[in-house]
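A.B. asks: Please find one structure pasted underneath; my questions will follow.
The values are calculated or read from the model by the stated rules, or taken from the named source; none is laboratory data. Everything numeric in this text was worked out from a predicted model, so none of it was measured. Cβ sites come from the backbone with ideal geometry, for glycine too, and all protein chains shown count toward neighbours.
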Amino acid sequence: MSTASTALPVVVIGSGIAGLTTALALAPHHIVLVTKARLGEQTSSAWAQGGIAAAMGADDSVELHLNDTLAAGDGLVDEQAASFILSRAADAVSWLEAQGASFDRQADGTLSLGLEAAHCRRRIVHASGDASGASIVNALIRQVLQTPSITVLEGAEAERLLVTEGRVCGLSLNVAGSSRTVLSSAVVLATGGIGGLYEATTNPIGNFGQGIALAARAGAALADLEFVQFHPTALASPRTPLALISEAVRGEGAALLNERGERFMADVPGAELASRDVVARAISAEIGRGGRVFLDARSTLGHRFAKRFPSIAALCQEAGIDPARDAIPVRPAVHYHMGGVATDLAGRTSVGGLWAVGEVAATGLHGANRLASNSLLEATVMGLSAARDIASAFLPSPPAYLEAPEPRCGISPDAALRALTTRSLGVLRNEAGLTQAVNQFRPLALTHGSDAAIVALAIGAFALERRESRGAHARTDFPQSAKPPVRQRMTLSEIIERTRALENAPLARSA
């Protein structure tokens, strides 16, 4: 297939805060913004209740924010990456305001700063109360629609990255059931997380790690995939996906109680505001013994709940719960993935022509456990950083020829895969369960070409290699943390090789 274009666009895949920021910051370069849903829909960014962590209070500093991030990350935070991102928080907030985002302020005009778990200061910048993500996303969308250099391609699903001579030069899309090839000078992955691999998640169920699969097939290095953060307090209801009860509710004094009315977190350091992995494991233990867990804000917020958390109050009302009168039933659910495509501080992956920003990327900021509200900060800072890098990079001319992309096959997870992922790659893990999962994911990934199975296989392989408990990765057979802490990094070919000995059936074909 020959080509003859000289001015190729930068393709950004994803319309959450990371993707929208990257696209806007690259203007006036020609951008094609690819989104499988309508612009800004089915993105975790728009569902974010908490806000942006930024050390902007009079009693706060970047150093204090860094200390909290290092503590939450349980020994695996890349301190250089964390310092880079956290020190740019004020600039990120200012940039978002310049794009039209309106952050909540006090009567004197200063930012209204909230408190969340494992933060030593009030430093969460909110927009529209507990609808921060939606408010910011909507502001960015308005800017995108007014930017002539950005072409929005809705209803388009990225299937494969096109690679020639070791460099990404475009991608294959499925648009309304038809294949379409788009050549590019650069591709930016901003595809979000992996919650759709699990039965219980607070993420859009269509997000199951597509960006990781795209990058893995292209040969990019992956990092930290074993670290899956379970939000401790999703609303326990039949809703799919589960509604999130922000930990800002606990920041306002709400207590966790079991069905006996016992405050089971009272003697744990940090209590209800301990790091998410600690709270999630404690709640899982209560549920595992056959109990139930409730978040009780009746005495601390009472009738003020609906004013302070209007979106959460509406979600509770939908489930027949009045937080002013009722304790809220909660359970852990997949909320955020600390791992992803390995990048540097310009968003560059190990494959030329490919950048990754937001939740799909692994910068090292989060380590083994993300500190609350650091994610929207990272999405904004790294979107801006990647845009600067791409704008200044040498982008080669299009290739003369391209190989035909692999055919689309079995991309999405089915109920059986979700059940296996939930059972084997959940809050608590062990070697037997991980081995069983890898043995079942492997043929689906290699023989059937399932993108979802590739991501699940990779998470399982990383989890098997980490023979310790650290942060969001808890092994019942290795309950202690090993020393020294080491980040893991593997390509898909290395994952396949390391899991080869675990495969029960003969390898059907190589990847």
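A.B. asks: If you go through the range 272-326 one residue at a time, how many are more than 21 Å from Gly129 (Cβ to Cβ) and touching a His at 6+ places or on another chain (Cβ under 6 Å)?
C.D. replies: Final tally of qualifying residues: 0.
A.B. asks: A follow-up question, please. Would you confirm whether any residue within the range 259-269 is hydrophobic (A, V, I, L, M, F, W, C) and out of contact with any helix residue (DSSP H, G or I) (no Cβ under 8 Å at 6 or more places or on another chain)?
C.D. replies: Within the range 259-269, one or more residues are hydrophobic (A, V, I, L, M, F, W, C) and out of contact with any helix residue (DSSP H, G or I) (no Cβ under 8 Å at 6 or more places or on another chain).
A.B. asks: Of the residues that sit in the range 464-497 and are among the basic types (Lys, Arg) and outside any loop (DSSP other than H, G, I, E, B), which one is surrounded by the fewest Cβ atoms within 10 Å (Cβ to Cβ)?
C.D. replies: Ranking the candidates gives Arg489 first.
A.B. asks: What number of residues within the range 351-369 are in contact with an Asp or Glu (Cβ under 9 Å, 6 or more places away or on another chain) and not in a helix (DSSP H, G or I)?
C.D. replies: 12
A.B. asks: I would also like to ask the following. Can you find a residue that is modelled with pLDDT of 95 or more, within 27 Å of Ala342 (Cα to Cα) and small (Gly, Ala, Ser) anywhere in the range 109-132?
C.D. replies: No, there is no match, as no residue in the range 109-132 is modelled with pLDDT of 95 or more, within 27 Å of Ala342 (Cα to Cα) and small (Gly, Ala, Ser).
A.B. asks: (1) surrounded by 23 or more Cβ atoms within 10 Å (Cβ to Cβ); (2) part of a loop (DSSP other than H, G, I, E, B); (3) at pLDDT 95 or above: which one isn't true of Gly100, the others all being true?
C.D. replies: Among (1) surrounded by 23 or more Cβ atoms within 10 Å (Cβ to Cβ); (2) part of a loop (DSSP other than H, G, I, E, B); (3) at pLDDT 95 or above, the lone unmet condition for Gly100 is (1).
A.B. asks: Output yes when any residue across the range 421-429 is assigned to a loop (DSSP other than H, G, I, E, B), crowded, with 16+ Cβ neighbours inside 10 Å and at pLDDT 95 or above, and no when none is.
C.D. replies: Within the range 421-429, one or more residues are assigned to a loop (DSSP other than H, G, I, E, B), crowded, with 16+ Cβ neighbours inside 10 Å and at pLDDT 95 or above.
A.B. asks: What are the residues in the range 332-344 that are outside any strand (DSSP E or B) and within 20 Å of Ser185 (Cα to Cα), if any?
C.D. replies: Thr343, Asp344
A.B. asks: Any idea which of (1) surrounded by 16 or more Cβ atoms within 10 Å (Cβ to Cβ); (2) closer than 27 Å to Val279 by Cβ; (3) out of contact with any Leu (no Cβ under 6 Å at 6 or more places or on another chain) is the one Ala117 doesn't satisfy?
C.D. replies: Of everything listed in (1) surrounded by 16 or more Cβ atoms within 10 Å (Cβ to Cβ); (2) closer than 27 Å to Val279 by Cβ; (3) out of contact with any Leu (no Cβ under 6 Å at 6 or more places or on another chain), Ala117 misses just condition (3).
A.B. asks: Just a yes or no: is a residue in the range 191-208 free of Cβ contacts under 8 Å to residues at least 40 places away in the same chain, surrounded by fewer than 24 Cβ atoms within 10 Å (Cβ to Cβ) and in the same structural domain as Ser385 (by TED's automatic domain parsing)?
C.D. replies: no
A.B. asks: Do the conditions hold for Gly57, that is, is it in contact with a Ser or Thr (Cβ under 9 Å, 6 or more places away or on another chain) and on the phi > 0 side of the Ramachandran plot?
C.D. replies: In short, no.
A.B. asks: Can I ask one more? Note down all Cβ pairs under 8 Å where the first residue falls in the range 471-482 and is within 9 Å of Arg429 (Cα to Cα) and not assigned by TED's automatic domain parsing to the domain that holds Gly75, the second is surrounded by 12 or more Cβ atoms within 10 Å (Cβ to Cβ) and among the polar types (S, T, N, Q), and they're at least six residues apart or on different chains.
C.D. replies: Arg475/Asn430; Arg475/Ser469; Thr476/Asn430; Asp477/Asn430
A.B. asks: Also: Check whether at least one residue in the range 145-154 is modelled with pLDDT of 95 or more, within 22 Å of the chain's Cα centre (by Cα) and assigned to a strand (DSSP E or B), and report yes or no.
C.D. replies: Scanning the range 145-154 turns up at least one residue that is modelled with pLDDT of 95 or more, within 22 Å of the chain's Cα centre (by Cα) and assigned to a strand (DSSP E or B).
A.B. asks: In the range 46-68, which residues are in a helix (DSSP H, G or I) and either within 27 Å of Ser15 (Cβ to Cβ) or not assigned by TED's automatic domain parsing to the domain that holds Arg122 (or both)?
C.D. replies: Result: Ala46, Trp47.
Table: residues versus (1) touching a residue at least 12 places away in the same chain (Cβ under 8 Å); (2) over 17 Å from Ser246 (Cβ atoms); (3) β-branched (Val, Ile, Thr).
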position	(1), (2), (3)
Gly261	no, yes, no
Arg292	yes, yes, no
Arg308	yes, no, no
Ser311	yes, no, no
Ala314	no, no, no
Ala319	yes, no, no
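A.B. asks: Does the range 291-325 hold any residues that are among the charged types (D, E, K, R), out of contact with any strand residue (DSSP E or B) (no Cβ under 6 Å at 6 or more places or on another chain) and either in a helix (DSSP H, G or I) or surrounded by 15 or more Cβ atoms within 10 Å (Cβ to Cβ) (or both), and which are they?
C.D. replies: Within the range 291-325, Arg292, Arg298, Arg304, Lys307, Arg308, Glu318 meet the criteria.
Table: residues versus (1) at pLDDT 95 or above; (2) under 14 Å from the mean Cα position of the chain (by Cα); (3) at negative phi.
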residue	(1), (2), (3)
Leu377	yes, yes, yes
Thr380	yes, yes, yes
Asp389	yes, no, yes
Ile411	no, no, yes
Gly449	no, no, no
